[in-house]
Every structure is written in C-alpha cells, then in structure tokens.
Amino acid sequence: MTFGLRPLLRARPGTLAAMSRRHAAVDEPMNPRASFADRRVVAIQIGQFALVGAIALVIVGLATSLASRRVGEREAITDARSSAVIKAQGLVQPAITDGILAGSKAEIARLDGVIRRDVLDGSLVRVKIWNRAGNILYSDEPLLTGEHYQLGAGELRSIDSGVIEAEVSDLAKPENRYEVSYGKLLEVYLPIHTPSQTPLLFEAYYRYSLVAQSGSRLWHSFAPISLGALVMLELVQIPIAWSLARRLRMRLRERELLLHRALEASDVERRQIASDLHDGAVQDLAGVAYALSAAARRESAHGSEADSFIIEKSAESIRGSIRALRSLIADIYPPDFDEVSFDSAITDLMARASDRGLHTELDIQLADPLADSAARLLYRTTQEGLRNTLDHAEASSLTVSVKQGNGIAILEIVDDGRGFDPKDTPKSRAQGHFGLVALRGLVTDAGGRLDVRSAPKAGTTLRVEVPL
Ligand SMILES: Nc1ncnc2c1ncn2[C@@H]1O[C@H](COP(=O)(O)OP(=O)(O)O)[C@@H](O)[C@H]1O
Ligand SMILES: [Mg+2]
C-alpha cells in the first residue's frame with residue numbers, strides 16, 4: 001500500500017491530535033519585530049505632525065514679526081510727528097524773530113542756542129528752517145545756513161496748507177549731503193510763522209533706526225505671547241497625538257492578530273477533522289479492504305471466480321476511497337516536518353496538481369535542511385499558491401522552485417494561466433478573498449517578503465523570501 005502518505009499512515013491513534021495541539025501552540029503571531037516597526041511608524045507620524053506644527057510656527061512668527069514691525073513703525077512715525085509739532089510750535093516758533101528773515105547773525109545765534117539746548121536730542125539730529133523761496137534761513141549745520149535749493153512739491157504744499165508731512169529722507173539730494181553720516185533718516189516738516197506771520201518751513205530729521213527699534217520692541221513684547229502660545233499648544237498636542245497614533249496602531253495590530261487567530265483556529269479545527277478521519281474512517285476502511293481482498297483470494301481458491309471478481313472490485317473501490325480520503329487529509333492537515341522531509345511534503349502537494357492534469361515541474365535546491373518554521377511557512381505558501389493556480393488560473397503548466405542564498409530561502413510558484421491584476425487585491429480582499437493577504441501577513445511576521453507578479457493573460461508568479 002503506497003499512497004505517498006506513509007508518515008500519516010504510520011501515525012498511531014491519538015498522535016495527530018497531539019500534533020495539532022503542538023502546532024497550535026507554536027504559531028504565536030506577535031513578535032518584537034512587529035512592535036518595533038509599529039513604534040517606528042508612530043514616530044514617523046509624530047515627526048510629520050511636529051514638522052507641520054513647526055512650519056506653522058515659523059509662518060505665524062514671520063507674519064507677527066512683519067505685522068508688529070509695521071504697527072511699531074507707524075507708531076514711531078506718529079510719535080515723531082507729534083514730537084516735531086510740539087518742538088516746532090512750542091519751542092522754535094517763539095524763538096523766531098523777523099530778524100532771521102533778514103539773516104541777522106545775532107538772531108540766528110540766539111535761535112541756534114535754543115535749538116541746541118531744547119530741540120536736538122538723540123533721535124532728532126538735524127533741523128532746517130526754510131523760507132518759501134527755498135533759502136535755508138537756519139540749520140544747526142552752519143554750512144547749510146544761507147544755502148538755496150528748490151523746495152519740493154510736498155514742502156510747498158505743507159507751507160501753503162499747513163499739513164504736517166513725514167517721509168524717509170532722500171539722502172541723495174544735495175541739501176541732505178551733511179546727513180548721510182546718520183544713515184536712514186525720517187524727516188518731518190510743518191509750517192511755522194514769524195511774528196509778522198511770514199510762513200516758514202520747519203524740518204526735523206529723526207534717526208530711522210529708532211523707528212525700526214520701536215517696531216522690533218513691539219515684536220519682542222508680542223512674540224513671547226503669540227509664539228509662546230503656539231509652542232505650548234504644540235507641546236500639549238504632541239503627547240496627545242502620540243497616544244492617539246499609538247492606540248490606532250494597536251487597534252490595527254489587534255485586527256491583524258484577530259485575523260491571524262481566526263486562521264489559526266480554523267487550522268486547529270482542520271487538524272481535528274483530519275485526525276478524526278485518519279484514526280476513524282480511514283483505519284476502518286483499510287481493515288475492510290484488507291478483509292475483502294483476503295475473501296476474494298479465498299473465493300478464487302475455491303473456484304468461484306465470479307464472486308472473487310466482485311469482491312475484489314469492491315476492495316478496489318474501497319482502496320480508491322481511502323486514497324481520496326488520504327489526499328483530503330493531506331490537504332487539510334499540514335505535515336509535521338519532524339517526520340516528513342520538506343521535499344517529500346512538497347512533492348505530495350505537486351502530485352495533486354498533476355492529478356488534475358497540470359504539467360508540473362519541481363526544483364528544490366537546498367544545501368541545508370530547512371528550519372521547522374521556514375519549512376512550514378514555505379509549505380503553506382506552496383499550498384496556497386497551488387490552490388490559487390488550480391482554482392483561478394486555468395493553467396496548463398506549473399513550476400515550483402526552492403532555492404537558498406544569502407541567508408534566505410526563495411520559493412517561486414509560476415503558472416502559465418490567465419493571470420490577474422495584483423493591484424486588485426484590496427478589492428478581492430473586500431470581497432472576502434483573504435488567501436494572499438493572510439499569507440503576506442504570515443510571511444512579513446516571519447521577517448520575509450511576498451511578491452505577486454501577474455497580469456491578465458500573462459500567468460502568475462508568487463515569490464516568497466524567508467530568512468533562514
Ligand atoms: N494563480 C492565479 N491565477 C489567476 N488569478 C489568481 C491567481 N492567484 C490569485 N488570483 C486572483 O486573486 C484573487 C485573490 O486570491 P486569494 O487571496 O488567494 O483569494 P481566494 O483564493 O480565496 O479567492 C483570486 O480570487 C483570484 O482572482
Ligand atoms: Mg486563494
């Protein structure tokens with residue numbers, strides 16, 4: 001009696017059940033590699049979250065800096081204008097006499113005294129007083145006093161209508177050549193009047209750095225509040241996001257684990273059925289076939305050839321049923337590689353494919369015997385691959401090869417069937433096709449990788465690498 005399943009036949013009653021229990025206990029799906037990978041994924045997600053937060057922080061920082069500089073500058077300019085008005089009307093105008101119009105040196109010297117004592121300071125660095133014709137009647141820069149220049153439209157408008165103007169000084173103008181050393185300046189001008197009501201133009205030049213300073217002062221007082229609040233928000237959010245991401249990963253993990261457990265549970269069930277079949281029906285039928293064969297021989301010896309023929313036919317039919325049952329048992333029960341060699345287990349699997357009319361080729365080139373876990377994984381892969389070829393491919397030939405190299409074992413199952421689009425896997429998964437998905441889970445858990453190369457009408461290659 002050779003059915004290619006000798007190891008199963010040799011198993012004593014009860015052994016299969018014991019094996020089932022052992023297999024069930026060995027396949028613990030969670031491993032530290034997975035949780036390390038999980039932590040990495042979570043860390044990457046949090047990194048991205050923090051990066052987005054940091055970018056937002058920079059943008060808000062720049063925007064507040066710009067806005068507060070603007071506000072600060074506007075405030076500083078307003079301050080300069082009011083300071084200019086107060087000084088022009090409160091201090092300079094009372095000190096102006098009509099003698100200045102005529103260029104009286106004594107009057108100018110007196111005005112100079114007032115201006116140096118009360119008007120000029122750290123921020124107001126230059127004063128010019130013009131008449132409408134464009135003559136500088138007085139400046140604290142003595143070289144300018146008495147010079148003549150063309151007044152601009154803004155200045156004339158200010159003299160005529162009394163508006164107070166403020167603008168950045170054009171240091172390229174010749175009348176401003178003595179101010180170049182101060183750097184950027186803000187000039188404020190407004191009309192003042194002599195006692196005889198002659199309108200003059202009072203010009204005050206302020207250091208622009210003070211204006212800018214006021215802007216950054218404002219920013220410095222704003223920044224800690226607005227940016228600090230953002231930083232605090234981010235700091236509070238990161239641990240929350242971290243814990244959410246971790247919980248999400250955990251749920252995902254749990255789902256995978258559940259799927260895994262469900263598959264495991266069905267394995268246990270199958271082993272139970274296989275064991276019951278083997279120890280019950282198959283043993284009984286084997287006994288019956290044996291007894292019938294003996295009876296047929298007896299009948300033949302007694303000359304009743306017709307009865308002998310019928311009995312022998314029955315025995316034959318029962319042996320056929322036993323073969324079918326054995327093949328079914330092998331289908332649903334994964335072999336124990338302590339007892340069966342990997343090669344012969346795979347050969348048995350292939351035999352079933354050739355029974356179904358496929359042209360098969362098997363090429364196993366392994367220098368060392370496989371570890372139990374690798375053998376089981378590759379067996380399971382072959383089983384799933386063959387099942388897919390038989391169920392879906394309508395193939396005419398099938399090649400299985402197992403090679404070893406660089407610390408990994410490589411299994412390839414190639415059929416020439418109608419193929420499919422592997423990108424459709426999520427769709428077929430949604431339709432309840434879990435074979436390849438579950439297999440990929442197992443292979444990844446073991447630190448290996450699974451590739452499906454296929455295209456419609458182009459056959460299918462299932463390739464699995466497992467570390468040894
Ligand atoms: N060798 C193959 N040839 C053609 N189609 C295949 C092959 N292997 C898988 N498929 C396609 O991929 C789908 C998913 O396969 P699988 O995950 O094993 O689920 P199931 O076998 O339960 O349908 C199959 O339904 C089939 O359409
Ligand atoms: Mg399948």
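What follows draws every value from the coordinates through simple rules; no lab data is involved. Just so it is clear, the model here is predicted, and its values are computed rather than measured. We place every Cβ from the backbone using ideal geometry, glycine too, and count neighbours over all the protein chains shown.
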- Report the relative contact order of the stretch 318-423, percent, no decimals, based on alpha-carbon pairs under 8 angstrom and at least 6 residues apart. 25
- Query: With each label point set 7 Å from Cα along the Cα-Cβ vector, what nm distance links residue 261 and residue 161?
  - Reply: 8.5
- Note on the structure: In whole percents, the bins of 5 Å from zero upward hold the Cα-Cα pairs of the stretch 249-401 as 2, 8, 13, 14, 14, 14, 12, 9, 6, 4, 2, 1, 1, 0, 0, 0
- Task: Can you find, among 229, 201, 168, the residue farthest towards the positive end of the dipole of the stretch 165-248? Put +1 on the C-beta of Lys and Arg, -1 on that of Asp and Glu.
- Result: 229
- Task: Taking every pair of Cα atoms in the stretch 211-330, average 1/r, invert it to obtain the Kirkwood radius, and report Rg/Rh to two decimals.
- Result: 1.81
- Query: To the nearest 0.05, what FRET efficiency results for residue 430 and residue 270 with a Förster distance of 25 Å applied to their C-beta separation?
  - Reply: 0.50
- Using just the C-alpha positions of the stretch 122-206 as equal point scatterers, what log10 of I(q)/I(0) does the Debye formula give at each q in 0.19 1/Å? -0.81
- Cα-based Rg (one decimal) and Dmax (whole number) for the chain, in Å? 49.1, 165
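If each residue of separation counts as 0.36 nm, what is the full-extension length gain between residue 291 and residue 455 once their alpha-carbon separation is subtracted?
53.7 nm
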- Per its Cα gyration tensor (rounded if a/c is under 1.5, else prolate when a/b beats b/c, else oblate), the stretch 345-468 is best filed as oblate
- Phi-based couplings in Hz for the stretch 453-459 (Karplus 6.51, -1.76, 1.60; Gly and Pro marked x): 10, 7, 7, x, 6, 10, x
- Residue separation times 0.36 nm, minus the C-alpha to C-alpha distance between residue 184 and residue 410: what's the value? 73.8 nm
- By a straight-distance test (C-alpha under 26 Å), which lysines pair with residue 457 as possible cross-link partners, with residues fewer than eight away in the same chain excluded? 423, 427
- Note on the structure: Cross-link reach from residue 128 to lysines, straight Cα distance under 29 Å and at least 8 residues apart if same chain, gives 87, 105, 173, 184
